[in-house]
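Shown next, in structure tokens, is the structure this report addresses.
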Amino acid sequence: MFEKCEYVISAVSEKQYPNKDGRPEFVFFGRSNVGKSSLINALTGKKLLAKVSSKPGKTVCLNFFNIDDKYYFVDVPGYGYAIRSQEQRSNFGAYIEEYLKKSGNIKIAFLLVDTKVGPTKDDILMYEYLKFMNVNVIVISTKCDKIGKTLRPRAIKNIKEKLNIDNCIMTSTVEKIGINEIINKIIQ
Ligand SMILES: Nc1nc2c(ncn2[C@@H]2O[C@H](COP(=O)(O)OP(=O)(O)OP(=O)(O)O)[C@@H](O)[C@H]2O)c(=O)[nH]1
Ligand SMILES: [Mg+2]
């Protein structure tokens, strides 16, 4: 577990990125409501660090969190939320692109996919885009508690097949599954 976890800034452009000394950044991508903020809270053991909401679209900027003065976690707005305005949607693309191009400190991009739903078209596009941008991607399946234990291996197999990947970390913030495995990837 991490000792110090604090919110730093909600950034929309490079000028505001807080990471001036090249610390590793771990960034969380995924469609709206997939559980990015909840996962950050589970990883840090702080329920209220990143804002969680039953309404999609809660996270609107790039939210930077200082972890032990060693790393940054970056909570990114979710994609694929239809009710958002066109303007917000195109902003999303623009500042994600700027971030991926200019950060230079991204160690791992975690791409979150809903275990029960499986990869959507947007998830597949996002995965391909991250690969294209030469980012190190680890796929995480979320909310596995929503399906029965016996169905989980099949759901993971489906995610791996659709994204053409070898590994996927299955998680649930409710049942506390997979959290330590992700922490190990980060501190490695
Ligand atoms: N059953 C279950 N529900 C979860 C889990 N993780 C998150 N949720 C719920 O899913 C909803 C969305 O969670 P968030 O963490 O806000 O999702 P997000 O990806 O940050 O959403 P945006 O900020 O809108 O992009 C909330 O109601 C959470 O309580 C989980 O492991 N299991
Ligand atoms: Mg969020």
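The values are calculated or read from the model by the stated rules, or taken from the named source; none is laboratory data. Being a predicted model, the structure only gives us computed values, none of them experimental. All Cβ positions, even for glycine, are placed from backbone atoms using ideal geometry, and neighbour counts span all protein chains on display.
The set of residues in region 134-155 that are among the polar types (S, T, N, Q) and in contact (Cβ under 8 Å) with a residue 24 or more places away in the chain comprises Asn136, Ser141, Thr142.
Condition check for Lys176 on (1) surrounded by 15 or more Cβ atoms within 10 Å (Cβ to Cβ); (2) charged (D, E, K, R); (3) touching a residue at least 24 places away in the same chain (Cβ under 8 Å): one failure, at (1). If I filter region 103-125 down to residues being under 13 Å from Ile140 (Cα atoms) and among the acidic types (Asp, Glu), which single residue comes out as surrounded by the most Cβ atoms within 10 Å (Cβ to Cβ)? Per the criteria, the residue is Asp123. When each of Ser90, Ser13, Ser103, Ser54 is tested for being more than 14 Å from ligand 2 (Cβ to nearest atom), modelled with pLDDT under 80 and over 15 Å from the mean Cα position of the chain (by Cα), the lone residue that passes is Ser90. Please determine, by comparing only the residues of region 157-188 that are assigned to a helix (DSSP H, G or I) and among the hydrophobic types (A, V, I, L, M, F, W, C), which one is farthest from Leu43 (Cα to Cα). Looking at residues that are assigned to a helix (DSSP H, G or I) and among the hydrophobic types (A, V, I, L, M, F, W, C), I get Leu163.
For region 132-151, a tally of residues being farther than 22 Å from Asn184 by Cα and assigned to a helix (DSSP H, G or I) returns 5. Can you find even one residue in region 147-157 that is among the basic types (Lys, Arg), over 15 Å from the mean Cα position of the chain (by Cα), over 23 Å from Leu100 (Cα atoms) and surrounded by 16 or more Cβ atoms within 10 Å (Cβ to Cβ)? Among the residues of region 147-157, at least one is among the basic types (Lys, Arg), over 15 Å from the mean Cα position of the chain (by Cα), over 23 Å from Leu100 (Cα atoms) and surrounded by 16 or more Cβ atoms within 10 Å (Cβ to Cβ), which makes the answer yes. Please count how many residues of region 8-33 are within 15 Å of ligand 1 (Cβ to nearest atom) and either more than 21 Å from Leu100 (Cα to Cα) or surrounded by fewer than 16 Cβ atoms within 10 Å (Cβ to Cβ) (or both). Residues in region 8-33 being within 15 Å of ligand 1 (Cβ to nearest atom) and either more than 21 Å from Leu100 (Cα to Cα) or surrounded by fewer than 16 Cβ atoms within 10 Å (Cβ to Cβ) (or both): 2 in total. On the basis of being touching a strand residue (DSSP E or B) at 6+ places or on another chain (Cβ under 7 Å) and at pLDDT 85 or above, does Thr44 make the cut? It is true that Thr44 is touching a strand residue (DSSP E or B) at 6+ places or on another chain (Cβ under 7 Å) and at pLDDT 85 or above. So Val74 ticks every box in (1) at pLDDT 85 or above; (2) more than 13 Å from ligand 1 (Cβ to nearest atom); (3) not in a loop (DSSP other than H, G, I, E, B) but one. Which box is left unticked? Single failed check for Val74: (2). Every condition in (1) over 17 Å from Ile138 (Cα atoms); (2) surrounded by 15 or more Cβ atoms within 10 Å (Cβ to Cβ); (3) modelled with pLDDT under 95 is met by Ser37 except one, and the failing one is (1).
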